[in-house]
1. Of everything in region 27-47 that's assigned to a loop (DSSP other than H, G, I, E, B) and not aromatic (F, W, Y), which residue is surrounded by the fewest Cβ atoms within 10 Å (Cβ to Cβ)?
2. Out of the residues in region 81-97 meeting the condition of being touching a Phe, Trp or Tyr at 6+ places or on another chain (Cβ under 8 Å) and assigned to a helix (DSSP H, G or I), tell me which one is surrounded by the fewest Cβ atoms within 10 Å (Cβ to Cβ).
3. If you check I105 against the conditions, is it surrounded by 17 or more Cβ atoms within 10 Å (Cβ to Cβ), in the same structural domain as R14 (by TED's automatic domain parsing), among the hydrophobic types (A, V, I, L, M, F, W, C) and touching a Phe, Trp or Tyr at 6+ places or on another chain (Cβ under 7 Å)?
4. Within region 149-199, count every residue that is aliphatic (A, V, I, L, M), in a helix (DSSP H, G or I) and crowded, with 19+ Cβ neighbours inside 10 Å.
5. Only one of (1) out of contact with any Asp or Glu (no Cβ under 9 Å at 6 or more places or on another chain); (2) surrounded by 11 or more Cβ atoms within 10 Å (Cβ to Cβ) fails for L9. Which number is that?
6. Looking at (1) touching a Phe, Trp or Tyr at 6+ places or on another chain (Cβ under 9 Å); (2) part of a helix (DSSP H, G or I), which is the only condition S78 fails?
7. Check region 10-24 and report whether any residue there is among the aliphatic types (A, V, I, L, M) and not in a loop (DSSP other than H, G, I, E, B).
Amino acid sequence: MIVSSLRYLFRPKRDGIIVSGYAETVEETIVSADPDSIDLFILDLYIPGHLPLENIRKLKKHFPGKPIAIYTSETAASWREKMMDEGALTYITKDSPREKLKLAIHQAARGELFFYGQKESNENETHEDISVSIRNDITPVQLEIVKLLSMGLTHKEISSQIGISRSLIEKILKTLRKSFNAKNNIELAKFFSQSGLLS
């Protein structure tokens, strides 16, 4: 079970992670969960008798603004992309190292997306190599936010269009600015455009 494995891996004082509760279905979570005491929902991709996309949509509908992390044995990139498109802040497999899982949980709880396979560029990489590398590290949700931002939409308008809270959008943009050393959102959008990510 996810709960027992997480409680075994993490300790509140040592890791700053508390498993405050669990449920076998999303419906049970909707009935019993107290949103004021929860920083993050950790959801398995496959729950017997339930559809993955419907599960995450129900959580987002009943707990708007609460971050969701997918923790699963499914390694297919297509599922990762689907979950990120639906608003999950990270998609991490159960064979991942403990420290990677800890990082993913902390970042998602702060409203930050978890980057996969991110690597630093070096002098031997061409502009095209760097562009491809960046595209592989950017999630569809991040890309959509920056794309809408570059079109002149406000945080409120972006929130309304993609169904993510304004505070979460601001956190995501802050994370992206830090990751790409952008001083402001204009500089971030310009970098994305020059890298060919917004075409």
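The values are calculated or read from the model by the stated rules, or taken from the named source; none is laboratory data. Treat the numbers as computed from the prediction; the structure is a model and nothing was measured. As a convention, Cβ positions derive from the backbone with ideal geometry for all residues, glycine included, and neighbour counts pool all protein chains shown.
1. Among those that are assigned to a loop (DSSP other than H, G, I, E, B) and not aromatic (F, W, Y), it is D34.
2. Here the answer is M84.
3. On the way: surrounded by 17 or more Cβ atoms within 10 Å (Cβ to Cβ): yes; in the same structural domain as R14 (by TED's automatic domain parsing): yes; among the hydrophobic types (A, V, I, L, M, F, W, C): yes; touching a Phe, Trp or Tyr at 6+ places or on another chain (Cβ under 7 Å): no.
In short, no.
4. First, pick out the residues of region 149-199 that are aliphatic (A, V, I, L, M): 149, 151, 153, 158, 162, 164, 168-169, 172-173, 176, 182, 186, 188-189, 197-198.
Filter once more, keeping what is in a helix (DSSP H, G or I): 149, 158, 162, 168-169, 172-173, 176, 186, 188-189.
Those still in the list that are crowded, with 19+ Cβ neighbours inside 10 Å too: 149, 158, 168-169, 172-173, 176, 188-189.
The number of residues fulfilling the criteria is 9.
5. With respect to (1) out of contact with any Asp or Glu (no Cβ under 9 Å at 6 or more places or on another chain); (2) surrounded by 11 or more Cβ atoms within 10 Å (Cβ to Cβ), L9 is out only on (1).
6. (1)
7. Filtering region 10-24 down to residues among the aliphatic types (A, V, I, L, M) leaves 17-19, 23.
From what is left, the residues that are not in a loop (DSSP other than H, G, I, E, B) are none.
The answer is no, given that none of the residues of region 10-24 is among the aliphatic types (A, V, I, L, M) and not in a loop (DSSP other than H, G, I, E, B).
One line per residue, one yes/no per condition, for (1) over 30 Å from K61 (Cα atoms); (2) touching a Cys at 6+ places or on another chain (Cβ under 8 Å); (3) without any contact (Cβ under 8 Å) to a residue 60 or more places away in the chain:
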site	(1), (2), (3)
S159	no, no, yes
L168	no, no, no
N184	yes, no, yes
F192	yes, no, yes
